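Where a number appears in this text, it was derived from the coordinates with a stated rule and is not lab data. Keep in mind that this is a model prediction, so the values were computed, not measured. Positions of Cβ are backbone-derived with ideal geometry, glycine not excepted, and every protein chain shown enters the neighbour counts.
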Amino acid sequence: MKSLSVVECSSNEEVIVKEPSVDGTSRTFAFDRVFGPNSRQIEVYMSVVHPVIKEVLAGYNCTVFAYGQTGTGKTFTMEGERSNNESFTWSNCLYGCGSTNGVENEQMDLKIHLSLQRPRRSTYGYFGAIMQDPLSGIIPRTLSNLFDEVGIQQVEHTVRVIFFEVYSEEIIDLLSSLNDKTKIRLDEKSTNKDAVVVRGLKTETVCSANEAYAILQRGCLKRHKASTLLNKESSKSHAIFSIVVDMKEELLEGEERQKTGQLNLVDLAGSENIGQSGAMDKKAHEAGGINQSLLTIGRVITALVERKSHIPYRYVQ
Ligand SMILES: Nc1ncnc2c1ncn2[C@@H]1O[C@H](COP(=O)(O)OP(=O)(O)OP(=O)(O)O)[C@@H](O)[C@H]1O
């Protein structure tokens with residue numbers, strides 16, 4: 001069926017939405033950055049997340065969310081996929097290297113050089129196979145970039161990862177052993193004015209991007225997913241992959257300072273029009289819960305941005 005596109009990305013910062021039913025009517029929305037339908041994973045990564053790595057290594061806590069309607073590509077953007085092309089098989093690609101600066105990296109998706117030498121050092125580090133696979137999403141790219149960056153800066157560091165999901169109001173540790181869906185409840189003590197702390201999650205210390213990626217994949221297998229009319233593998237939970245970097249900084253005169261940066265990479269469940277997704281009974285109830293929690297997170301973000309004295313972390317049903 002031929003469908004009409006009602007959305008036009010008129011620039012990098014503007015989207016025009018046309019109303020096909022009303023002749024000539026259109027509305028323009030402004031954004032910090034717009035990625036059109038032909039945008040590639042690497043463009044999204046370089047523009048949105050690459051600048052954040054610097055902040056994390058300076059000891060800040062940062063969060064990147066994927067938020068949107070079901071089937072619009074949140075999981076594709078955050079996790080990405082793996083190319084079938086053998087050139088991108090990571091085990092073959094451990095020594096893969098490509099062009100070495102931001103501009104040239106735009107070309108890297110298309111042109112891959114495999115070499116048995118170690119990747120070349122560059123402005124942004126050693127872009128390995130993870131960066132070169134055009135389908136790699138934000139999380140693998142972040143891991144690759146982060147390990148490159150600590151290597152270049154020669155910072156003494158420890159990297160830990162945590163991976164959990166929020167499904168039907170429960171927190172499930174995705175890193176506990178495969179068949180054991182460890183449920184963790186948030187208690188009053190876990191919430192303070194500035195942050196919600198989830199206690200008792202398994203933390204894995206990782207020494208390389210590949211090791212961390214294997215953990216990501218293991219956790220993804222445990223995520224709650226279901227097939228709907230709009231997405232055959234629709235995520236039914238909000239997933240949070242956190243990377244914690246402990247660093248030791250050498251100061252002048254032999255002094256040392258510890259600092260910790262954290263990056264939370266969040267793939268939210270999609271909002272769903274129950275009529276369109278075909279959800280019924282338990283699935284309809286589940287979709288209602290997801291919509292409610294997305295509404296709540298929107299309210300929390302608005303309250304934080306407006307610096308309200310009360311942040312509605314807890315909603316009353
Ligand atoms: N930019 C893209 N290029 C190619 N395929 C894409 C792209 N974005 C999404 N897809 C494909 O569209 C389908 C739905 O994407 P995805 O599962 O990422 O959506 P989602 O927003 O996470 O959905 P949900 O909220 O239901 O979990 C997947 O098969 C994915 O491979």
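Quick one: of K18/K222; K74/K202; K74/K282, which pairs are farther than 31 Å apart, Cα to Cα? From K18/K222; K74/K202; K74/K282, over 31 Å: K18/K222.
Need one word for the stretch 208-314: rounded, prolate or oblate. Basis is the Cα gyration tensor (sqrt eigenvalues a ≥ b ≥ c); a/c below 1.5 gives rounded, then a/b vs b/c decides. Oblate is the answer for the stretch 208-314, as a/c is 1.5 or above yet b/c matches or exceeds a/b. If R0 is 45 Å, the Cβ-Cβ spacing of E169 and N38 corresponds to a FRET efficiency of close to 0.70.
Label the stretch 228-279 by shape, choosing from rounded, prolate and oblate, from the square roots a ≥ b ≥ c of the eigenvalues of the Cα gyration tensor; if a/c is under 1.5 it is rounded, and otherwise prolate applies when a/b is larger than b/c, oblate when it is not. It is prolate, given that a/c is not under 1.5 and a/b is the larger ratio. In a fully extended conformation the segment linking T25 and A58 would gain 7.2 nm over its present Cα-Cα distance, using 0.36 nm per residue. On the basis of the beta-carbon distance and an R0 of 41 Å, R82 and R314 show a calculated FRET efficiency of 0.60.
Full extension of the chain between S10 and V196 gives 63.1 nm of extra length, using 0.36 nm per residue less the Cα-Cα distance. Annotation: extensible slack from L252 through A214 equals 9.9 nm (criterion: 0.36 nm per residue apart, minus Cα-Cα distance).
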